[in-house]
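Everything below concerns the one structure shown next.
Read-outs throughout are calculated quantities, based only on the coordinates presented, and are distinct from any laboratory measurement. Note that the structure is a prediction, hence the values are computed from the model and not measured. Neighbour counts are summed over all protein chains in view; Cβ atoms, including those assigned to glycine, are modelled from backbone coordinates with ideal geometry.
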Amino acid sequence: MKRFISTLALLAGMVIASPALAQQAPRVAFPAEGCTATPAQLEANKKAAMAFFRPGITAEERAQLIDTGYIQHNPAFKKFADDNKISYYEGFKQMMGRQGGAGRQGGAPAGPQPPQGNPLEVVTAECDVVTIIHKNYRQDPTAAPGTWYEVFTFDSFRVRNGKLLEHWDGAVINPPAAPAGGRGQ
């Protein structure tokens, strides 16, 4: 487990040190330099971050977990806020309202369902940063319907005074869907 955490920390450091990413956002110490968090504070930070993914949580409940000075690094949420000239906090509230608060745990699609399990696979905390690794299942596009494979995603939050202050994840901005009917129509 220590090797896994060290590898995750190394990867996070490489991403943050990337010159292209450094131009997009100010560099923030990751984790906070001079950390003095106690074990009780680390546990409280974990609980604050895990509450964000509580089953059945509403958009309003999620917004209450977030500090009004929230800093967003998810590119889709960040782009929405920047394009609409609103704070990341307001952008988050609007985006979650559009998704009905479900986020990536949206309503169940029709057809075969993925296996059930604990979606919070690993939760770690160092200083004021909590990282949650989620286990998800995706439909294998090369196999019959109902054939699933595991995929792991992450969310990292900076937590201050029990509120989520900053967020990172591995999200990307996807291209628009191709028009119905395919090419040439």
5 angstrom amide H check on residue 164, placed H, neighbours 5+ away: 66, 67
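Given R₀ = 30 Å, what would the calculated FRET efficiency be for residue 172 paired with residue 68, taking r from the Cβ atoms and rounding to 0.05?
Values: r = 27 Å, r/R0 = 0.90.
Efficiency, from the Cβ-Cβ distance: 0.65.
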Note, ³J(HN,Hα) from phi for region 44-56, Karplus 6.51, -1.76, 1.60, rounded to Hz, x at Gly and Pro: 5, 5, 4, 4, 4, 6, 5, 4, 4, 9, 4, x, x
Amide proton proximity set for residue 73, modelled H, under 5 Å, gap of 5+: 167
From phi via Karplus (6.51, -1.76, 1.60), per-residue ³J(HN,Hα) for region 132-141 in Hz, x at Gly/Pro: 10, 9, 9, 9, 10, 10, 10, 5, 6, x
Residues whose placed amide H lies under 5 Å from that of residue 154, excluding near-sequence neighbours: 134, 170
